[in-house]
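Everything below concerns the one structure shown next.
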Amino acid sequence: MRDHPAQPWSGLAPLSDDERVARARGFRDALRERRTCRYFSDAPVPRAVIEAAIEAAGTAPSGANHQPWHFAVIESAELKARVRAAAEEEERAFYAGKASDEWLEALAPLGTDPDKSFLEVAPYLIVVFAQRRGGIEPGEDRQNYYVNESVGIATGFLLAALHAAHVATLTHTPNPMKFLNEACGRPETEKPVMIVVAGHAAPDATVPLHALRKKPLAQIASWL
């Protein structure tokens, strides 16, 4: 017995099995071209692209449909410089001793270091916040549920949408990240999860060969 307002599920356009397979494989192949970019140009990206990608992220499923996320988009050169300075301070401490030898060994094939100049060069920094409390209506202060899972799915949607628009991205997670609350004017009740750097790749951008290694289907899936 359904005692809540509802409408018929609109469903999806009917496809043959061959068409379904082709679409799934086409989407897979498109995402296989996605690369984390660490070398950006300052060439502009239309704001409408970023807005559409965030709207796509906002369609993600979430606990109780509370949509416990906020995307703070930084395009101010002054604010990007502040974020870079704070992030690099944390990164220097990370590489100077906070990180374990095992962690640093794992990062070595990717060539990462405390230099985060991309935070100033790329046209957009999208700071993803998780909201512990909120609700679907403006001004609500209710418990949110499955926050980490919901925000993780939404961020995946965001990255896929930006990739579909041929926008290069990088996910950056300085630790700790609480400085982002003040920088973005977000309340203490929100938790910064990551910075998604978005823009065009620099003409001389490269990708470490190690980053191209992806586990095959047999390693990441099982049929029971």
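The values are calculated or read from the model by the stated rules, or taken from the named source; none is laboratory data. Nothing here was measured: the structure is a model prediction, and the numbers come from that model. Cβ: placed from backbone, ideal geometry, glycine included. Neighbour counts: every protein chain shown. Ligands, DNA and RNA are stripped out before the accessible areas are found, and what is left, the full protein with its side chains, is counted by its heavy atoms. Shrake-Rupley method; radii C 1.70, N 1.55, O 1.52, S 1.80 Å.
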Where residue 65 falls short, out of the listed (1) touching a residue at least 12 places away in the same chain (Cβ under 8 Å); (2) in contact with a helix residue (DSSP H, G or I) (Cβ under 9 Å, 6 or more places away or on another chain): (2)
Boolean, residue 22 is over 27 Å from residue 172 (Cβ atoms) and touching a strand residue (DSSP E or B) at 6+ places or on another chain (Cβ under 6 Å): no
Hits in the range 117-139 (condition: open to solvent by 70 Å² or more (accessible area, probe 1.4 Å) and either over 14 Å from residue 64 (Cα atoms) or not β-branched (Val, Ile, Thr) (or both)): 120, 132, 133, 137, 138, 139
Candidate set: the range 187-216, residues that are part of a loop (DSSP other than H, G, I, E, B) and in contact with a strand residue (DSSP E or B) (Cβ under 7 Å, 6 or more places away or on another chain); chosen: the one modelled with the lowest pLDDT: 189
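State the number of residues belonging to the range 140-155 that are among the polar types (S, T, N, Q), crowded, with 16+ Cβ neighbours inside 10 Å and touching a Lys or Arg at 6+ places or on another chain (Cβ under 8 Å).
Qualifying residue count for the region: 1.
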Residue that is farthest from the chain's Cα centre (by Cα) [pool: residues in the range 82-112 that are in a loop (DSSP other than H, G, I, E, B) and surrounded by fewer than 13 Cβ atoms within 10 Å (Cβ to Cβ)]: 100
Near pairs, Cβ below 6 angstrom, 6+ apart or cross-chain, from the range 183-210 (more than 29 Å from residue 33 (Cβ to Cβ)) to any residue that is part of a strand (DSSP E or B) and open to solvent by less than 40 Å² (accessible area, probe 1.4 Å): 184/72; 184/127; 186/129; 190/129; 190/131; 191/130
Filtered residues of the range 114-172 (kept if within 15 Å of residue 59 (Cα to Cα) and polar (S, T, N, Q)): 150, 155
Answer residue from the range 165-177, given it is open to solvent by 50 Å² or more (accessible area, probe 1.4 Å) and modelled with pLDDT under 95 and is nearest to the chain's Cα centre (by Cα) among those: 173
Residues within the range 123-142 that are on the phi < 0 side of the Ramachandran plot, over 15 Å from the mean Cα position of the chain (by Cα) and not acidic (Asp, Glu), tallied: 7
Residue identified as of a type outside the set (Asp, Glu), within 30 Å of residue 144 (Cα to Cα), open to solvent by less than 40 Å² (accessible area, probe 1.4 Å) and over 20 Å from the mean Cα position of the chain (by Cα) among 11, 58: 11
Selected residue (criterion: nearest to residue 128 (Cα to Cα)) from residues of the range 70-81 that are open to solvent by 40 Å² or more (accessible area, probe 1.4 Å) and outside any loop (DSSP other than H, G, I, E, B): 70
Among the residues listed as 180, 158, 162, the single one being in a helix (DSSP H, G or I), open to solvent by less than 30 Å² (accessible area, probe 1.4 Å) and over 27 Å from residue 90 (Cα atoms): 162
